[in-house]
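Input: a single structure, listed below in structure tokens.
The values are calculated or read from the model by the stated rules, or taken from the named source; none is laboratory data. In this text, all values refer to a predicted model and were calculated from it rather than measured experimentally. With ideal geometry, Cβ positions are generated from the backbone for all residues, glycine too; neighbour counts draw on all protein chains shown. Surface areas here come from the heavy atoms of the whole protein model, side chains and all, with no ligands, DNA or RNA. Shrake-Rupley method; radii C 1.70, N 1.55, O 1.52, S 1.80 Å.
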Amino acid sequence: MAATDAPARQLRRGRAAAGTPVVVALVAVLVAFAWHEIRDAAAGPDASAPSCSWPAHIEQANSDQTGLIRCYLRALAHHSPSEMRAVARSKDDNGPTGFSAADFAHTADARSGIATVIVEDSDVDGADAAVSIRYANGAHDEQEIHLANPSSWHSWRFWDIGTYPRDPDAPPPVRP
């Protein structure tokens, strides 16, 4: 009886051995994915800068700033609140709750052709920079970008865009 059980056991072991590399590979992929998600969650919102493809002449910017500015110009040209959301601080990081018509005032300008952008880092704080945009049709815009996450030098976001809820602790507006 033991002689007839041996081939069956060997067959079961062979099948188990053949499936082991697949299981190990699957576990490795899941662990890598989970680690990436855990690392991003631990870094907090806005840990990395978005990067997009959009034609522009950008001067004096690092690669993260360049990617962010291209995304901003594309969001303007597309008049896309969801794309604009990607270049502003996240809601979880006290970012805007929405975007108004004023945030898209340069939509037609962004569509007019290739913009020229100059980034000037702040002399006081390396986490701040001024962005000067000259659109192809001659219109001009000034924006500010800042590092949204102090623990990441890749977390550049536009600061002057979006609508924010009124601070409940703020004094009431002055009436004339």
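Step by step: first the residues of region 131-145, then only those that are assigned to a strand (DSSP E or B) and open to solvent by less than 40 Å² (accessible area, probe 1.4 Å), then the one that is farthest from SER63 (Cα to Cα). Which residue is that?
ASP141
Being open to solvent by 10 Å² or more (accessible area, probe 1.4 Å) and small (Gly, Ala, Ser) is the filter here, so list the residues in region 72-85 that pass it.
SER80, SER82
Sort through ASP128, ASP93 and tell me the only one that's touching a residue at least 24 places away in the same chain (Cβ under 8 Å) and open to solvent by 20 Å² or more (accessible area, probe 1.4 Å).
ASP93
Could you say which residue among ALA47, ALA88, ALA61 is at pLDDT below 95, closer than 17 Å to ILE145 by Cα and either surrounded by 19 or more Cβ atoms within 10 Å (Cβ to Cβ) or β-branched (Val, Ile, Thr) (or both)?
ALA88 is the lone residue from the list that is at pLDDT below 95, closer than 17 Å to ILE145 by Cα and either surrounded by 19 or more Cβ atoms within 10 Å (Cβ to Cβ) or β-branched (Val, Ile, Thr) (or both).
Out of everything in region 146-176 that is open to solvent by 90 Å² or more (accessible area, probe 1.4 Å) and among the basic types (Lys, Arg), what residue ends up being modelled with the lowest pLDDT?
So, considering only residues that are open to solvent by 90 Å² or more (accessible area, probe 1.4 Å) and among the basic types (Lys, Arg), the one modelled with the lowest pLDDT is ARG166.
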